[in-house]
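Colleague: I'd like to ask some things about the structure below.
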Amino acid sequence: MDELGEVVKSSNPNLKMINPNSVIISLIYCLALAACGTSKTEEEKEISFYVGTYTLGESEGIYRYQLKSDGSLSNSGLVAKTENPSFLIRSADGKYLLAANENSDENGGGGSVSSFAIDGEKLAFIDEIFSGGDSPCFLSEDQTGYVLVANYGSGNVGLLKLESTGLLNGPLDVLQHEGKGTHQRQQGPHAHSACFTGSDNEVITVDLGTNELWFSRLDRDSNKLVLMSPAKLTMAPGSGPRHLAFHPTQQWIYVINELTSTITQLSKNSSGQYEIAATQSTLPTDYEGENLCADIHISSDGQFLYASNRGHNSIVVFQIDSHDGSLSLVGHEDVHGDWPRNFTLSPDGHFLLVANQRSNNIVSFKRSQETGTLEFVGEIDAPSPVCLLF
């Protein structure tokens, strides 16, 4: 018994002293239990994500899945019934989910956009309005609730407003594209994506049909999309630009071209306008089959670029040069399925998930943050998946 124990005992003779050795043993035991508990929690940790689908077959709408800490996947089932929700986004405040319902209507009804409240593990329907055109296939939102809708079938961009209640207002404006390209799929405009750049209310729309990038600005006073000058940037003939990705730290934009299976890097010139810097194939040099590119994403650190090949059925990986933005091929990863329309990176960047539309599966890859390479983890069934959203 130490000196402190003697003092305590003398002050209270009836106090039963505790053996210090038993205290240490108990402490070790508690720490061991805590460590085991932490380990178990980490093993069971999972992140939910939503899956948008085409509902022409077995699918009924939007589904909810989980990505576990080891990269494996599980399915929580249907969370919202809606027709052809081919593109999904979360609202800026994280409270709502918006879905582009990729439909067209011979009577002029066109496509629609739906809003849902994210209520724990459920989606609660709030509103649905006209998208401003036919076959809406892409959505984006700024920090104040303005929503852009790319209507592929009618070749225009609808401007909506998401209110704080989750209700949708609009279309406030519709910017109609005109023109065509040289490819058989370019007989008229086909707006495939529309994004806020985050700078001075600027909007860039990618039109596969006119083979151009369109530049406009949101006039918040009139709720109109106003074309800038110059209004367009023409891509190489027959390219079929589809989506774009902004570099997180530099003024570089990367455009994925569906019809020529290429990626075009854009850089700003001295006048502050974008111009083509370089173009590179997404395919191996010895590949001779048909291919249509789909999606493109950049890692949050700006070091690696990923793009999907439909036909070659791969994810191509490039390293981005930090000085000039040029791309160096890292390699191609088989997607373990058919027709990888959309893919996404997990919020922590450790995993990459691919939606294979025709083979009805979602595939998980572990991503090296040092080399950018992908390692197959596993897959799970999904009905005609075309969009993944964390």
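The values are calculated or read from the model by the stated rules, or taken from the named source; none is laboratory data. As the structure is a prediction and not an experimental result, all values here were calculated from the model. Don't worry about glycine lacking a Cβ; one is built from the backbone with ideal geometry, like all the others, and counts go over all protein chains shown. Areas reflect the complete protein model, heavy atoms only, side chains present, ligands, DNA and RNA absent. Shrake-Rupley method; radii C 1.70, N 1.55, O 1.52, S 1.80 Å.
Colleague: Within the group GLN250, GLN273, which residue is closer than 19 Å to VAL206 by Cα and among the polar types (S, T, N, Q)?
Modeller: Selected residue: GLN273, the only one of GLN250, GLN273 that is closer than 19 Å to VAL206 by Cα and among the polar types (S, T, N, Q).
Colleague: What do you reckon, is LEU56 hydrophobic (A, V, I, L, M, F, W, C), part of a loop (DSSP other than H, G, I, E, B), on the phi < 0 side of the Ramachandran plot and at pLDDT 50 or above?
Modeller: Yes, satisfied.
Colleague: So which residues in the stretch 62-71 are open to solvent by 40 Å² or more (accessible area, probe 1.4 Å) and part of a strand (DSSP E or B), if there are any at all?
Modeller: LYS68
Colleague: Now a separate question. Scan (1) in a strand (DSSP E or B); (2) farther than 30 Å from HIS350 by Cα; (3) open to solvent by less than 50 Å² (accessible area, probe 1.4 Å) for the single condition GLY272 breaks and write down its number.
Modeller: Result: GLY272 fails condition (1) only.
Colleague: OK, next. Conditions: (1) at pLDDT 95 or above; (2) open to solvent by 10 Å² or more (accessible area, probe 1.4 Å). GLY302 meets all but one. Number of the miss?
Modeller: (2)
Colleague: Being open to solvent by 20 Å² or more (accessible area, probe 1.4 Å) and free of Cβ contacts under 8 Å to residues at least 60 places away in the same chain narrows it down to one residue among PRO230, PRO241; which is it?
Modeller: PRO230
Colleague: Could you count how many residues in the stretch 107-140 are in contact (Cβ under 8 Å) with a residue 40 or more places away in the chain, part of a loop (DSSP other than H, G, I, E, B) and within 18 Å of TYR50 (Cβ to Cβ)?
Modeller: 1
Every residue, every condition in (1) open to solvent by 10 Å² or more (accessible area, probe 1.4 Å); (2) modelled with pLDDT of 95 or more; (3) not aromatic (Phe, Trp, Tyr), yes or no:
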{"site": "LEU73", "(1), (2), (3)": "yes, yes, yes"}
{"site": "PRO85", "(1), (2), (3)": "no, yes, yes"}
{"site": "ALA99", "(1), (2), (3)": "no, yes, yes"}
{"site": "SER104", "(1), (2), (3)": "yes, no, yes"}
{"site": "ALA117", "(1), (2), (3)": "yes, yes, yes"}
{"site": "SER135", "(1), (2), (3)": "yes, yes, yes"}
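Colleague: LEU283 fails exactly one of the following numbered conditions: (1) surrounded by fewer than 22 Cβ atoms within 10 Å (Cβ to Cβ); (2) within 20 Å of SER322 (Cα to Cα); (3) within 25 Å of the chain's Cα centre (by Cα). What is the number of that condition?
Modeller: For LEU283, the exception is condition (2).
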